[in-house]
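Computed from the coordinates by the stated procedures, all read-outs in this text should not be read as laboratory data. Being a predicted model, the structure only gives us computed values, none of them experimental. Note that we place each Cβ from the backbone using ideal geometry, even for glycine, and neighbour counts take in every protein chain shown.
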Amino acid sequence: MTRIKCCGMTRVGDALLAARLGADAIGLVFTARSRRQVTLARAREIVAALPPFVASVALFMDDEPGLVRQVLDEVRPTLLQFHGNESDAWCAQFGRPFLKAIAMGEGVAALPWLREYPQAAGVLLDGHAAGEAGGSGRTFDWSLLPRDPAQPLVLAGGLHAGNVGEAVRTARPWAVDVASGVESAPGIKDPARLAAFIRAVRAADAA
Ligand SMILES: O=C(O)c1ccccc1NCC(=O)[C@H](O)[C@H](O)COP(=O)(O)O
């Protein structure tokens, strides 16, 4: 079964709806470079409202370690996710499980990158170019995903209800991650798009 993460949550209601519809995780973006940046206070409310067994993922992009520590202390997310030039050792310094995002926009081979992050709990392959922020809505060549990777792979970038089935069948990732494909505006989730996305992933799993 393909796990589903819905990223860029800024409202309690959207996170609860995603959980009710079957999302396994929600993402909270703390970096100021995002149009989906959430405040610490709102993030705390969202995490406190989540039902059991739905993970919360805190996202950063070349941010100060102090911000990461503050989020860990005040929000208590399940996982960290890093989108910038952070090294494996830098990501691991917090002693918490983390995902490392790799920019696949230029069609890079993923495998050498996976080896750079042996301490990552998983690697997220995203469609944007190196140095750019995530949540771009851009896809990449899914056939670049390695078979039998050492870590679980999360497929991201430009996914929506209309293409996620093909993405799952092509790449067989551990999980898929979506932001703009289920939104009506950055950080505002659209219930119909969210429901259609989760239905499409489950249909691909069942096929
Ligand atoms: O979403 C953002 O605004 C963002 C900004 C800076 C770093 C990471 C960000 N999002 C992280 C993500 O997990 C993915 O990029 C995202 O789910 C895929 O986005 P999309 O292509 O819009 O589905």
Query - Distance in nm between pseudo-label sites at A150 and F94 (7 Å out along the Cβ direction from Cα) - result: 2.2
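Helix-derived [θ] at 222 nm for the chain: sum -39500 (n - 2.57) over DSSP H runs of at least 4, divide by residue count, nearest 500? Please report the intermediate quantities before stating the final value.
Working: 7 runs with 66 residues, N = 207.
Mean residue ellipticity at 222 nm (helix-derived): -9000 deg cm²/dmol.
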Query - Extension gain (nm, one decimal) between D141 and A49, 0.36 nm per residue minus Cα-Cα - result: 29.5 nm
Report task. Give the peptides 27-36, 47-56 in descending order of average Cβ contacts within 10 Å, highest first. Result -> 27-36, 47-56
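If we count every other residue with Cβ under 10 angstrom of D62's Cβ, Lys/Arg +1 and Asp/Glu -1, where does the sum land? Write out the running numbers ahead of the final one.
Working: positive: R33; negative: D63, E64, E86.
Net charge in that neighbourhood comes out at -2.
May I ask you to derive the relative contact order of the chain, considering only C-alpha pairs under 8 Å and at least 6 residues apart, and to give it as an integer percent? Mind dumping the intermediate values first?
Details: 443 pairs, mean separation 43.0, N = 207.
Here the relative contact order equals 21 percent.
To the nearest 20 debye, what is the magnitude of the charge dipole of the chain about its Cα centre, counting +1 on the Cβ of each Lys and Arg and -1 on the Cβ of each Asp and Glu?
Numbers: 22 positive and 21 negative charges, 123 e Å.
Computed about the Cα centre, the dipole is about 600 debye.
Could you work out the relative contact order of segment 67-163, using alpha carbon pairs under 8 angstrom and six or more residues apart, expressed as a whole percent? Walk me through the intermediate numbers first.
Values: 159 pairs, mean separation 23.7, N = 97.
Computed over segment 67-163, the figure is 24 percent.
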Requested in this report: Multiply the residue gap between S87 and T39 by 0.36 nm, knock off their C-alpha separation, and tell me the result in nm, one decimal place.
Outcome: 14.7 nm
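If one computes P(r) from the Cα atoms of the chain, what percent of pairs lie at distances over 25 Å?
Numbers: 6254 of 21321 pairs.
Value for the chain (Cα pairs over 25 Å): 29 percent.
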